[in-house]
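J.: Sharing a structure, written as structure tokens. Questions coming.
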Amino acid sequence: MKRVAIVGYAQHPILKNAGALNEVELIMPVVHQLFNDLGISQKDIDFTCSGSCDYLQGAAFAFVEGLSAIQTNPPIKESHVEMDAAWAMYESMLKIQMGDAETALIYGFGKSSPGDLDAIISLQMDPYYISPLWPDRVSLAALQARVLLDQNVITSEQMLASVIEARANSKNNKNALITDLIDEADYLKNEMVSSPLNKLDCPPISDGSSAMIIASEEKAYEFTDHPIWIEGIDHRIESSNLGSRNLATSDTLQASMNQLNLKNIKFDVAELHTQFSHELPFLKSLLNLQDVPTNLSGGPLVGNVMMCAGLDAIGKTYESLKDNQFTHGLAHATSGPCLQHNMLVHLETQK
Amino acid sequence: MSDSKDLLRAPFELAYNYKRSNGPVMSKFFEALGEQKILGTKSSTGKVFSPAAEFDPDTHESLNDMVEVGPGGSVESFSWIEAPQNHHLIKEPFAFALIKLDGADSSMLHMITDCNEADLSIGTRVTAAWSETTTKRITDIKFFTLEK
């Protein structure tokens, strides 16, 4: 494996409603902030890859418009994933491994405010057995929450703690959307959206964008004195047949942990793409992170830009390692209902 | 000012107008639903998947041995919606649920209504209620109700 490092990451302030700001106008500031911070331009980028969801804009190939945010003349090598931009980062990593690129720009963007996110996500499900029933994303997450509670994998006290801590941690995140603190009484006042999940167990509807630059070892030091190395990256997916999965565990995440040899690593920090309150204690237990400071940024419960929040988990881990005397960080990105598809990224500062 | 009839016009519908084929396995499942029967596929290990799966996620074999399951089953998990949203098919309080049909080893996602949240728990027995007209779609099962 060629060594690859993250050399920069920028995030747009997460907005409740970006209003007339279109996707291009959301992407442009973060890309240019990165270029300015590193003193580079699009000419220094060998490969550009984005992550977004055409369903959010309601038009096929809507992502192509996003390219207006970057300079594409002279022509560039470019790709897109209809996934969280964490997977655009994965594709970029492969491109560098194959020797096709030394540097890559990754960006993700999502505006959930104009539409009905619950209805839109229903349309992305299996079109034969699931989509025609219009299950909303909260109800699908709630199915897993109930299984986890029923089997005592997690407790409702842990769900409450996830919500309270996320808001307390939002002070570490200048881009957080939700920053007001709450207590148990506030939490219990909220009505169920889809029992056992109440409104505060769910992430806020969010608009925004993020960008990241990664580079091979040779190029990384040209860009920065403080690269953060991608020591390991692995992603695996559970069956698309929701009813044949065991929702109380994740064999594929277990396989990723083994593949990355995470067992003996003492992580200093972790950022998990846990969109619902029950997912945080579940993954902390599965990933052996009980004693590891997790989601110090507040995580998706204080701002959850669709198609960015996974990349943001990687970006926030990168920032934590860069800004503190930390050595090891673990980032997690997810996609699909009930944590169906998961990516783990092991980041490390230079030894 | 140009006359409005000089303007170029094109129809635009905001939709993904894809047509999908059901394929050999799901076709049999949906044909049977039209006759108010629920089928599953059986793997060489004896495991039965309903709704019919085209392959076994564990053994990776393709599946085409069809067996009848249900129409009763037990609740594996559920989420209760007191206030349905516009896009939901049921306008009264209802649950999305994973239901393991009798004779099946996997669960079907569907809806349960005509009951209260307190009536449901993991293991509760339910049975399929059929739509008045069948269209060979998953919605031919209108929803599930508590087993009498």
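Read the figures in this text as sums done on the coordinates, not as results from a lab. Please read these numbers as outputs of a predicted model, since none were measured by experiment. In this analysis, Cβ positions are derived from the backbone assuming ideal geometry, glycine residues included, and neighbour counts consider all displayed protein chains.
J.: For B:PHE144, what residues show an amide H to amide H distance below 5 Å, using hydrogens built from the backbone and excluding near sequence neighbours?
T.: B:MET111, B:ILE112, B:THR113, B:ALA129
J.: Could you size up the charge dipole of segment A:273-351 around its Cα centre, putting +1 on the beta carbon of Lys and Arg and -1 on that of Asp and Glu, and report it in debye to the nearest 20?
T.: The dipole magnitude comes to about 60 debye.
J.: Once the piece of chain linking B:GLU54 and B:ARG137 is laid out straight, how much longer is it, given 0.36 nm per residue of separation minus the C-alpha distance between them?
T.: Numbers: separation 83, 0.36 × 83 = 29.88 nm, distance 1.67 nm.
Using 0.36 nm per residue and subtracting the Cα-Cα distance, I get 28.2 nm.
J.: Sketch the reach of a paramagnetic label on B:GLU117 as a point 7 Å from Cα along Cα-to-Cβ, and name the residues of segment A:186-212 whose backbone nitrogen lies under 11 Å away.
T.: Flagged as within label range: A:190-199.
J.: How much length is gained if the chain between A:LYS199 and A:ASN324 is pulled fully straight, taking 0.36 nm per residue apart and subtracting their Cα-Cα distance, in nm to one decimal?
T.: This chain segment gains 41.6 nm when fully extended.
J.: At each listed q (0.12, 0.20 Å⁻¹), what is the log10 of I(q)/I(0) that the Debye formula gives for segment A:274-351 modelled as equal alpha-carbon point scatterers?
T.: So the normalised log intensities work out to -0.32, -0.90.
J.: Modelling each spin label as a point 7 Å along the Cα-to-Cβ direction, I'd like the A:LYS266/A:ALA20 distance in nm, to one decimal.
T.: 5.6
J.: Over all pairs of distinct alpha carbons, what does the Kirkwood formula give as the hydrodynamic radius of the protein assembly as shown, in Å?
T.: Numbers: mean 1/r = 0.0417 Å⁻¹.
That comes to 24.0 Å for the protein assembly as shown.
J.: Between A:LEU188 and B:HIS87, what is the spin-label point distance in nm, taking each point 7 Å from the Cα along the Cα→C-beta axis?
T.: Distance between label points: 3.4 nm.
J.: Right, here's the next one. Quick one: which of B:LYS19/B:LYS100; B:LYS100/B:LYS148; A:LYS2/A:LYS284 span more than 21 angstrom between C-alpha atoms?
T.: Long pairs (Cα-Cα over 21 Å): B:LYS19/B:LYS100; A:LYS2/A:LYS284.
J.: In whole Å, what is the distance between the alpha-carbon centres of segment A:288-351 and segment A:73-139?
T.: Each part's Cα centre sits 18 Å from the other's.
J.: If one takes the longest principal axis of the Cα atoms in chain B, at what angle in degrees, from 0 to 90 and to the nearest 10, does the Cα axis of helix B:23-34 lie?
T.: 80
J.: Once the Cα gyration tensor of segment A:226-297 is diagonalised, what are the square roots of 5 times its eigenvalues, in whole Å and ordered largest first, as equivalent ellipsoid semi-axes?
T.: So the equivalent ellipsoid measures 23, 16, 12 Å along its semi-axes.
J.: Given chain B reduced to its alpha-carbon atoms as identical point scatterers, what log10 I(q)/I(0) does the Debye formula return at q = 0.09, 0.11, 0.12, 0.13 Å⁻¹?
T.: Once normalised to I(0) and log-transformed, intensities are -0.37, -0.51, -0.58, -0.65.
J.: Can you compute 3J(HN,Hα) from phi for each residue in segment A:69-79, using the Karplus curve 6.51 cos²θ - 1.76 cosθ + 1.60 with θ = phi - 60°, rounded to whole Hz and x for Gly and Pro?
T.: Ordered by residue, 3J(HN,Hα) equals 7, 10, 7, 10, 10, x, x, 10, 7, 8, 8 Hz.
J.: If a paramagnetic tag sat 7 Å from the Cα of B:ARG125 along the Cα-Cβ line, which residues of segment B:34-76 would have the backbone N under 13 Å from that point?
T.: B:71-75
J.: Follow-up. Evaluate the charge dipole of segment B:21-146 about its Cα centre and quote only its size in Debye, nearest 20, assuming +1 on the Cβ of each Lys and Arg and -1 on the Cβ of each Asp and Glu.
T.: Using Cβ point charges on Lys, Arg, Asp and Glu, segment B:21-146 gives about 180 debye.
J.: Which of the aspartates and glutamates could a cross-linker bridge to A:LYS95, judged by Cα under 19 Å and excluding same-chain residues fewer than eight apart?
T.: A:ASP44, A:ASP46, A:GLU78, A:GLU82, A:ASP84, A:GLU217, A:GLU218, A:GLU231, A:ASP234
J.: For A:ASN73 and A:ASP291, what does the FRET efficiency come to when R0 = 56 Å and r is the distance between their Cβ atoms, rounded to the nearest 0.05?
T.: 0.65
J.: Continuing with this model, one more query. Positive end of the dipole of segment A:111-155, charges at C-beta (+1 Lys, Arg; -1 Asp, Glu), about the Cα centre: which of A:ASN152, A:LEU140, A:ALA119 has its Cα farthest in that direction?
T.: About the Cα centre, the residue reaching furthest to the positive side is A:ASN152.
J.: Please get the size of the charge dipole for chain A, origin at its Cα centre, with Cβ charges of +1 on Lys and Arg and -1 on Asp and Glu, quoted in debye to the nearest 20.
T.: 300
J.: Could I have the simple spin-label model distance between A:GLN254 and A:SER131, label points 7 Å from Cα toward Cβ, reported in nm to one decimal?
T.: 3.3
J.: With helices defined as uninterrupted DSSP H runs, which ones in chain A have an alpha carbon span along their own long axis of at least 15 Å and mean Kyte-Doolittle hydropathy of at least 0.0?
T.: A:23-38, A:85-97, A:137-150
J.: Given q = 0.17, 0.19 Å⁻¹, what are the Debye log10 I(q)/I(0) values for segment A:148-296, with equal point scatterers placed on the Cα positions and solvent ignored?
T.: For segment A:148-296 at q = 0.17, 0.19 Å⁻¹, log10 I(q)/I(0) is -1.22, -1.38.
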